[in-house]
1. Would you say residue 23 is of a type in the set (A, V, I, L, M, F, W, C) and modelled with pLDDT under 50?
2. Could you run through region 34-53 and say how many residues are in contact (Cβ under 8 Å) with a residue 40 or more places away in the chain and open to solvent by 70 Å² or more (accessible area, probe 1.4 Å)?
3. Would you tally the residues in region 78-110 being of a type in the set (S, T, N, Q) and surrounded by 12 or more Cβ atoms within 10 Å (Cβ to Cβ)?
4. Determine which member of the set 109, 121 is assigned to a helix (DSSP H, G or I) and at pLDDT 85 or above.
5. Residue pairs, Cβ under 8 Å, 6 or more apart or interchain, first in region 89-110 and within 22 Å of residue 79 (Cα to Cα), second open to solvent by less than 100 Å² (accessible area, probe 1.4 Å) and basic (Lys, Arg). List them.
6. Quick one: is residue 68 at pLDDT 90 or above, open to solvent by 70 Å² or more (accessible area, probe 1.4 Å) and of a type in the set (S, T, N, Q)?
7. Looking for whichever is under 30 Å from residue 106 (Cα atoms) and at pLDDT 80 or above here; the options are 40, 57, 51, 89. Which one fits?
8. Within region 143-167, restricting attention to residues that are open to solvent by 60 Å² or more (accessible area, probe 1.4 Å), touching a residue at least 12 places away in the same chain (Cβ under 8 Å) and assigned to a helix (DSSP H, G or I), which residue is farthest from residue 59 (Cα to Cα)?
Amino acid sequence: MKNKQKSPMCRPVLRVGIVLIGLTTISLAHSSDLIAFGKACLVKEERLNQAKDRLDALSLNTQRTQRQSNQTLNDVSRYEEEKTELEIAITECAETLPNSAYCHQIRHRYNELNYLIQRARVDSIEENREDNDAFIDFDLTRADFNQQYEAFVAYCRNSDAHYALIQSPAAYAAVCSSEDAKQTITCSLF
């Protein structure tokens, strides 16, 4: 039996085949890394969008509370003005007809205004306390959101991995195939 030896030409072809298989494997591994990267970015982006929606709702709530607080202060001011006018009328009543129905109505309205002023001040103090807490929470939350958003943009839009995702047809198709995904920062070039 003759010992068959491989031709010298066969070895380079075999080496090229092995190199191509290796590159294909590396490319597939790289593609799956890009897919994992893209999907993780989509999840982060969705969470940030939900957090933004909650922050927007909190902002509207804070604005509403501030408007209510301003309205309460306006009411107190208006009550104080009316009370000052009634004090003059009470003084005149005491000098003329202190037991008349008119004077009784003025004293009754004066006492009612005292109650309304006191109640509005108590409500204003409570609203201010809640408003300040909500405003501080909103500022801290907004600052935290902005910091997380900047980190997200740096990682999922302004990174080499994002550019590689956009440039890889297989990875881009796997991550950004839905219409909703195409509208995201993760799936957009700019």
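The values are calculated or read from the model by the stated rules, or taken from the named source; none is laboratory data. Bear in mind that the values here come from a model prediction, so they are computed numbers and not experimental data. Neighbour counts are summed over all protein chains in view; Cβ atoms, including those assigned to glycine, are modelled from backbone coordinates with ideal geometry. Accessible surface is based on the protein model in full, side chains and every heavy atom, while ligands, DNA and RNA are left aside. Shrake-Rupley method; radii C 1.70, N 1.55, O 1.52, S 1.80 Å.
1. Working: of a type in the set (A, V, I, L, M, F, W, C): yes; modelled with pLDDT under 50: yes.
So residue 23 passes the test.
2. Looking only at that region, the number is 3.
3. Residues flagged as of a type in the set (S, T, N, Q) and surrounded by 12 or more Cβ atoms within 10 Å (Cβ to Cβ) within region 78-110 amount to 1.
4. 109
5. Matching pairs, first to second residue: 90/107; 93/107; 110/83.
6. Numbers: at pLDDT 90 or above: no; open to solvent by 70 Å² or more (accessible area, probe 1.4 Å): yes; of a type in the set (S, T, N, Q): yes.
It is false that residue 68 is at pLDDT 90 or above, open to solvent by 70 Å² or more (accessible area, probe 1.4 Å) and of a type in the set (S, T, N, Q).
7. Working: 40 fails: under 30 Å from residue 106 (Cα atoms); 57 fails: under 30 Å from residue 106 (Cα atoms); 51 fails: under 30 Å from residue 106 (Cα atoms).
That would be 89, the only listed residue that is under 30 Å from residue 106 (Cα atoms) and at pLDDT 80 or above.
8. Applying the filter and picking the extreme gives 155.
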